[in-house]
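Okay, so here's the structure we're looking at.
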Amino acid sequence: MRKTLQEIALILGAKVTGDGRVQVERLAGLDEAEPGDLTFLADSKLSGRLAGLKASALLLSESIKAQTPLPHIRVKDANLAMLTLAERYAQELFHPYPGRHPTAVIGRGVALGKGVSVGPFVVCEDGAQVGDESVLQAHVYVGRDARIGRGCVLYSHSAVHDRCVLGNRVILHSGSVIGADGFGYLPVDGRHRKIPQIGIVEIGDDVEIGANSTVDRARFGKTVVGSGTKIDNLVHIAHNVKIGKNCIFAAQFGVAGSSTIGDGVTAAGQVGIISHMTIGAGSTIVSKAAVMQDVPPGSTVSGIPAHDHHRNLREQAAARKLPELMQRIRDLEARLPKQP
Amino acid sequence: MRKTLQEIALILGAKVTGDGRVQVERLAGLDEAEPGDLTFLADSKLSGRLAGLKASALLLSESIKAQTPLPHIRVKDANLAMLTLAERYAQELFHPYPGRHPTAVIGRGVALGKGVSVGPFVVCEDGAQVGDESVLQAHVYVGRDARIGRGCVLYSHSAVHDRCVLGNRVILHSGSVIGADGFGYLPVDGRHRKIPQIGIVEIGDDVEIGANSTVDRARFGKTVVGSGTKIDNLVHIAHNVKIGKNCIFAAQFGVAGSSTIGDGVTAAGQVGIISHMTIGAGSTIVSKAAVMQDVPPGSTVSGIPAHDHHRNLREQAAARKLPELMQRIRDLEARLPKQP
Amino acid sequence: MRKTLQEIALILGAKVTGDGRVQVERLAGLDEAEPGDLTFLADSKLSGRLAGLKASALLLSESIKAQTPLPHIRVKDANLAMLTLAERYAQELFHPYPGRHPTAVIGRGVALGKGVSVGPFVVCEDGAQVGDESVLQAHVYVGRDARIGRGCVLYSHSAVHDRCVLGNRVILHSGSVIGADGFGYLPVDGRHRKIPQIGIVEIGDDVEIGANSTVDRARFGKTVVGSGTKIDNLVHIAHNVKIGKNCIFAAQFGVAGSSTIGDGVTAAGQVGIISHMTIGAGSTIVSKAAVMQDVPPGSTVSGIPAHDHHRNLREQAAARKLPELMQRIRDLEARLPKQP
């Protein structure tokens, strides 16, 4: 990014302590900072790292008492200030195709908003709509009558199939698939007859969907992902699932058909939820758990099958002692005289 | 779809009870039905939902005793009748590219059958064959000498690599990869030397493979997916696996190299099977299980490692009581006089 | 491949026992070998299979004592000799596009090395570099200023995003995504604000990455995959993870942000590692394990949460007996007189 610390202070509306002329080339985490880097310290527990820090400059949260000889800027929240700088830098680094690449195949009746970027080999089928300032990177597929909102970014090889709907500022990472058929069959004469999946997927505003994740279309009606929900890579959302707002689903999470997930739910990596479950708002599901019964709002669950996390920890602790426990039972049996 | 209930009755060869002139715009599930929708009731346990139903009309299985004031059609199996209607509607909604898109790259000696749809930016390498009426959506890749049967649908960004074979009426959802290299290495001088994977994948008729699922080619010979088997999203089938007919594998299932899975096996979500296992025909593997020994035909297994499901349920129930069990053992020890 | 056994002996620098004029059409495993096939026997435990073998010829390790009437070649290590033949055959079967396909979109300042193969619909954004003899199959996406080394193979629909770096002889299978954004958010006013991911991915030499696997770019700095590491399908490597050399990660493995994995680590299928863990060099993680604390070098762990594998096996054995154990405790309680 190549700025002086003084220029960075201006961006943040804050003051430099030390030499403001120092050049910053990159932003870096505390552990990896090298000369030329600007780093940040927001957590006083990490103050010990200040000694020996090789960065050229740093941002400090006001709450940090520790001193540093390095040029620095004090801000209310160094984490948030760093994020603000990173956003600016990310924007500099992002170069969507300016306009519509001549190779793109745009169907009849497609409505492209103002400032839409259409990369090479993009396909928009008939009747698709793409809102202002949205970016379709190379190899993106937008199905017939699909609707993409404003300010979205669809990375290479992502696909939004027929009639599916994305809100504004949605990010689809590479290889994500919105609107493949839900997985449903009816047993007829000993075979699995496909149940047509004629519903759609509806994704709210400010949703991010990770690389190679999949959100299936509904049998009828809609599969829904609420606004503000963030989904990591290789996640599977089955047909007719309803997901609330501001959820966080880590990588390789999967939820089976027709389950309902409330607002603000967090599911860690490799969690699974079987079909027709209800997950209460604000609940947390610990890594690798398998949810096989409803989860009450605000609870934390873990285990296979998932149940109360604190209870599960106690059971795990006991399970760790099982071999010794068996010996104690054998001892008891030996000490107890045979039944008369 | 926009039909009168009378027109729908004609399609189903059945009679309307009530006003046959009512307009149906959409098909819908019982829970989401609104005015304009046709819904269905096949399960008498759900008869209570008839009261307050907002649908415009419905299909009822003959076995349903409950009455409704709504216009309806009685059929032998409302589930199957609904499926028939949905199939017609799905066909109306499906618009493959009519013919061969001018951007498609078709190699030497490629044989495209009658009525094949080839979308924009499709690649068929030299010697590939595609059977009559098959659909290759935009961005599909068909490798050298690969063979696709009749009536297949390959969605955007799916790939069938060199020499792999698909039967008739196979569906590949977006991003699925057939015939990537199996994962095999030989330790040579402390490094992992790649074992070339020169076999193929052979997929039977009427197989469906979900979005971003992967089926690897064999080291030698074939990885096989039997006819009628249905595979959900993000599933991994390793090299040299042999899968029988009419299996069902839910999302994020994975099976390691050289395992054999019999006919009619069901594996639920996030199940794993290690290499060289034999899974007997008709068995069921419960969600999240890890199969680490052979599974006898017709059995139901769960757990990590997987074993008999009913036994596992009893063990789980006992494990839930472990903390109290430990207390009971402490009590016993306290009550029992020290050994003399 | 169609060679006489004598010609194969010449390739291997070894001698034929029996009729060297026999024609070999294919290479095959011991279990699937048919007339026309060359197979191999490297493990004396499998010597019993020699009887009834239908292959036309075979390779035998010197250590094998068993005799066979089939024409054969004795070599030091039949496994390695077979691999050598398979490599030759694989090369014959591989037909990358000769040169640069006219449809490819190559940006400004892109440096393509000598002998690079660029398939149909490949996109290389401005400033990308691709080393000598590398292969970009159809539909590959190479981002701005990305650097691909020499002798790499990128299969259809794989993507290397902006500024990411691949070493030499790296293989990316179809649908793999290098450099999607890491999954990071800062809670601001009850919403998840995206933390920009401005770092890169750096992949060493001789790395193989499976179909639809994902390696996310770092928040700052680098996500690193060390040379010689082999990654199977549908694997997730999160942002800022540092992976050593010569690791093996089986399918559906996932590791969360900022974890560090030493050299020579093996993780089996569906293993998960939470964030900020340290996995010691040479350790092995058994299928389906969830690593939730650091793993010492050279150890073998299993279970959820993962701990010492042998200890875990003992605990599992005890857990299998829990229902009977409960009965034994009830018996003890019944036999012991009530507390006075």
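The values are calculated or read from the model by the stated rules, or taken from the named source; none is laboratory data. The structure presented is a predicted model; accordingly, all values stated were derived computationally and were not measured. Every residue, glycine among them, receives a Cβ derived from its backbone with ideal geometry; neighbour counts consider all protein chains shown.
If you go through the stretch A:71-87 one residue at a time, do you hit one that is farther than 30 Å from A:Arg163 by Cα and polar (S, T, N, Q)? Within the stretch A:71-87, one or more residues are farther than 30 Å from A:Arg163 by Cα and polar (S, T, N, Q).
Residues are listed down the side, and each one gets a yes or a no for (1) within 30 Å of A:Glu62 (Cβ to Cβ); (2) within 11 Å of chain C (Cβ to nearest Cβ); (3) free of Cβ contacts under 8 Å to residues at least 40 places away in the same chain; (4) among the hydrophobic types (A, V, I, L, M, F, W, C):
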| position | (1), (2), (3), (4) |
| --- | --- |
| A:Arg74 | yes, no, no, no |
| A:Val105 | no, no, yes, yes |
| A:Leu112 | no, no, yes, yes |
| A:Glu125 | no, no, yes, no |
| A:Leu136 | no, no, yes, yes |
| A:Leu154 | no, no, yes, yes |
| A:Leu172 | no, yes, yes, yes |
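Within the stretch B:214-228, the set of residues being surrounded by fewer than 23 Cβ atoms within 10 Å (Cβ to Cβ) and at the interface with chain C (Cβ under 9 Å from one of its Cβ atoms) comprises just one member, B:Lys222.
Just wondering, is there one or more residues in the stretch B:142-159 that are modelled with pLDDT of 95 or more, in contact with a His (Cβ under 7 Å, 6 or more places away or on another chain) and surrounded by fewer than 22 Cβ atoms within 10 Å (Cβ to Cβ)? Among the residues of the stretch B:142-159, at least one is modelled with pLDDT of 95 or more, in contact with a His (Cβ under 7 Å, 6 or more places away or on another chain) and surrounded by fewer than 22 Cβ atoms within 10 Å (Cβ to Cβ), which makes the answer yes.
Taken over the stretch C:40-55, the residue count meeting the criterion of being of a type in the set (S, T, N, Q) and under 16 Å from C:Lys15 (Cα atoms) is 0.
Annotation: of all residues in the stretch A:25-72 being touching a Ser or Thr at 6+ places or on another chain (Cβ under 9 Å), charged (D, E, K, R) and at the interface with chain C (Cβ under 10 Å from one of its Cβ atoms), the one that is surrounded by the most Cβ atoms within 10 Å (Cβ to Cβ) is A:Asp37. Residues in the stretch B:229-247 include none that are over 20 Å from C:Val286 (Cβ atoms), surrounded by fewer than 23 Cβ atoms within 10 Å (Cβ to Cβ) and hydroxyl-bearing (Ser, Thr, Tyr). Quick check, is B:Ala111 under 28 Å from A:Arg163 (Cα atoms) and either at pLDDT 95 or above or buried (at least 16 other Cβ atoms within 10 Å of the Cβ) (or both)? Considered against the rule, which asks whether it is under 28 Å from A:Arg163 (Cα atoms) and either at pLDDT 95 or above or buried (at least 16 other Cβ atoms within 10 Å of the Cβ) (or both), B:Ala111 comes out as no. For the stretch A:167-183, residues that are crowded, with 21+ Cβ neighbours inside 10 Å and either over 16 Å from the mean Cα position of the chain (by Cα) or of a type in the set (Gly, Ala, Ser) (or both) total 9. Residues in the stretch B:279-297 that are over 23 Å from A:Leu234 (Cα atoms) and either of a type in the set (Gly, Ala, Ser) or away from chain C (no Cβ under 13 Å) (or both): B:Ile279, B:Gly280, B:Ala281, B:Gly282, B:Ser283, B:Thr284, B:Asp294, B:Val295, B:Pro296, B:Pro297. How about the stretch C:233-284: which of its residues are part of a strand (DSSP E or B) and either among the polar types (S, T, N, Q) or modelled with pLDDT under 95 (or both)? Matches in the stretch C:233-284: C:Thr260, C:Thr266, C:Thr278, C:Thr284. For the stretch B:72-94, the set of residues classified as of a type in the set (Asp, Glu) and under 18 Å from A:Gln197 (Cβ atoms) consists of B:Glu87, B:Glu92, listed by residue number. Residues in the stretch A:285-307 that are small (Gly, Ala, Ser) and assigned to a loop (DSSP other than H, G, I, E, B) were compared, and the one that is nearest to the chain's Cα centre (by Cα) is A:Ser287.
Table: residues versus (1) under 30 Å from B:Leu186 (Cβ atoms); (2) in contact with a strand residue (DSSP E or B) (Cβ under 7 Å, 6 or more places away or on another chain); (3) not small (Gly, Ala, Ser).
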| site | (1), (2), (3) |
| --- | --- |
| C:Ile64 | yes, yes, yes |
| C:Glu92 | yes, no, yes |
| C:Ile106 | no, yes, yes |
| C:Gly131 | yes, yes, no |
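Table: residues versus (1) out of contact with any Gly (no Cβ under 9 Å at 6 or more places or on another chain); (2) in contact (Cβ under 8 Å) with a residue 24 or more places away in the chain.
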{"residue": "A:Ser56", "(1), (2)": "no, yes"}
{"residue": "A:Lys65", "(1), (2)": "yes, no"}
{"residue": "A:Thr68", "(1), (2)": "no, no"}
{"residue": "A:Pro71", "(1), (2)": "no, yes"}
{"residue": "A:Asp77", "(1), (2)": "yes, yes"}
{"residue": "A:Ala81", "(1), (2)": "yes, yes"}
{"residue": "A:Gly109", "(1), (2)": "no, no"}
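In this structure, B:Pro187 qualifies as free of Cβ contacts under 8 Å to residues at least 60 places away in the same chain and not in a loop (DSSP other than H, G, I, E, B). From the set of residues in the stretch A:242-258 that are more than 21 Å from C:Gly254 (Cβ to Cβ) and out of contact with any Phe, Trp or Tyr (no Cβ under 9 Å at 6 or more places or on another chain), which is nearest to the other protein chains (Cβ to nearest Cβ)? Step by step, filter the stretch A:242-258, then rank; the result is A:Asn246.
Matching residues to (1) touching a strand residue (DSSP E or B) at 6+ places or on another chain (Cβ under 9 Å); (2) touching a residue at least 60 places away in the same chain (Cβ under 8 Å); (3) within 9 Å of chain C (Cβ to nearest Cβ); (4) more than 22 Å from C:Ala306 (Cα to Cα):
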position	(1), (2), (3), (4)
B:Ser299	yes, no, no, yes
B:His309	yes, no, no, yes
B:Arg314	no, no, yes, yes
B:Leu322	no, no, yes, no
B:Met326	no, no, no, yes
B:Leu336	no, no, yes, yes
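Can you say whether C:Ala267 is surrounded by fewer than 21 Cβ atoms within 10 Å (Cβ to Cβ), within 20 Å of the chain's Cα centre (by Cα), within 27 Å of C:Gln252 (Cα to Cα) and more than 12 Å from chain B (Cβ to nearest Cβ), as far as the supplied structure shows? It is false that C:Ala267 is surrounded by fewer than 21 Cβ atoms within 10 Å (Cβ to Cβ), within 20 Å of the chain's Cα centre (by Cα), within 27 Å of C:Gln252 (Cα to Cα) and more than 12 Å from chain B (Cβ to nearest Cβ).
C:Ala211 fulfils the conditions (1) assigned to a loop (DSSP other than H, G, I, E, B); (2) more than 9 Å from chain A (Cβ to nearest Cβ); (3) farther than 26 Å from B:Ser156 by Cβ except for a single criterion, (3).
Quick test of your reading of the structure: B:Val188 fulfils all but one of (1) surrounded by fewer than 23 Cβ atoms within 10 Å (Cβ to Cβ); (2) at pLDDT 95 or above. Name the failing condition by number. The number of the failed condition is (2).
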